[in-house]
1. Of the conditions (1) buried (at least 16 other Cβ atoms within 10 Å of the Cβ); (2) at pLDDT 95 or above, Asp155 clears all except one; give me its number.
2. Looking only at residues that are farther than 15 Å from Arg63 by Cα and among the small types (Gly, Ala, Ser) in the range 28-44, which one is modelled with the lowest pLDDT?
3. Could you grab the pairs with beta carbons closer than 6 Å, sequence gap of 6+ or different chains, first residue in the range 1-30 and more than 23 Å from Glu49 (Cβ to Cβ) and assigned by TED's automatic domain parsing to the domain that holds Ala62, second one at pLDDT below 50 and not polar (S, T, N, Q)?
4. Within the range 139-177, work out how many residues are in contact with a helix residue (DSSP H, G or I) (Cβ under 8 Å, 6 or more places away or on another chain), more than 19 Å from Pro98 (Cα to Cα) and not in a strand (DSSP E or B).
5. For residues that are surrounded by 12 or more Cβ atoms within 10 Å (Cβ to Cβ) and in a helix (DSSP H, G or I), tally how many sit in the range 53-76.
6. Which pairs have Cβ atoms under 8 Å, sit 6 or more apart or on different chains, and link a residue in the range 162-176 that is within 9 Å of Lys108 (Cα to Cα) to one that is of a type in the set (Lys, Arg) and in a strand (DSSP E or B)?
7. All but one of (1) in contact (Cβ under 8 Å) with a residue 12 or more places away in the chain; (2) touching a Lys or Arg at 6+ places or on another chain (Cβ under 9 Å); (3) not hydroxyl-bearing (Ser, Thr, Tyr) hold for Glu58, so report the exception by its number.
8. Could you run through the range 105-124 and say how many residues are outside any strand (DSSP E or B) and either touching a residue at least 40 places away in the same chain (Cβ under 8 Å) or β-branched (Val, Ile, Thr) (or both)?
Amino acid sequence: MREEIKSLKIRQMPETTVRRHVIAVRVQHNVGVLSRITGLFAGRGYNIESLTVGQTHEPNIARITIVVNGDERVVEQIIKQLRKLIETLKVRDITDVPHIERELALIKIHTADSSVRDEVMRLVNIFRAKVIDVSPDTYTVEITGDQDKINAFIDLVRPFGLKDVSRTGVLAVVRESQKDKVEI
C-alpha cells in the first residue's frame, strides 16, 4: 500500500504570478454598494491597493476602479464575487487591455528658505504640476499622472520635508481604439 502511494505522482499546480490588476466596475449608485464591495474583499482577505468611485454620465450609475495585487486565480474569484452583487452592472479586469490610468495627488512641501522654493518650483515645472496654495513655509502642489510619475515626484521632494500627501487612487478607462473589443 505504501509503495502504491509513493509511486503516485503528485500533480503540481502551475506557478502563478502575483501582479497588479486594474478592475473596472459599473454599479447602480445605491446606498451601501461600496460597503458591500469592500466587505467582499475584506471577508476573503484581499487587500485593495487603490479604490476610486464616482458618478458617470448616466443617472444613478457609478464607476468604481479597483487596484488589487493577486494572481489570476485570485482576481478571477474577485470578479466572480463582484458579479454576484445585485447592484453590479459590469465588471472587467482591464489590466491587459490598452487603457489610460491617472491619479491626482496634493502634496504639502516645506519651503522655509528661498533656495528650497526655487528647487521645488523647478521640479513642479519639470513634472507639469502646479502650486495651488502658498504659505510662508509651505507650497501645496497638485500633480496628476500615472503612479510612477507621482511616486517619482514625491521621492524628489521628500528631502525638503513633506507635511502631507493626499492621493485619489487610480482612475482608469479603456482606450477608445479598444472600445469595440471591450466595453466597460
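1. The single condition Asp155 does not satisfy is (1).
2. The extreme case among them is Gly43.
3. none
4. Count: 4.
5. 4
6. Leu162/Lys108; Lys163/Lys108; Asp164/Lys108; Val165/Lys108
7. Among (1) in contact (Cβ under 8 Å) with a residue 12 or more places away in the chain; (2) touching a Lys or Arg at 6+ places or on another chain (Cβ under 9 Å); (3) not hydroxyl-bearing (Ser, Thr, Tyr), the lone unmet condition for Glu58 is (1).
8. Of all residues in the range 105-124, those outside any strand (DSSP E or B) come to 111-124.
Those still in the list that are either touching a residue at least 40 places away in the same chain (Cβ under 8 Å) or β-branched (Val, Ile, Thr) (or both) too: 111, 116, 119-120, 124.
Adding up the residues that qualify gives 5.
The values are calculated or read from the model by the stated rules, or taken from the named source; none is laboratory data. Treat the numbers as computed from the prediction; the structure is a model and nothing was measured. Please note: Cβ atoms are built from the backbone with ideal geometry, for glycine as well, and neighbour counts cover all protein chains shown.
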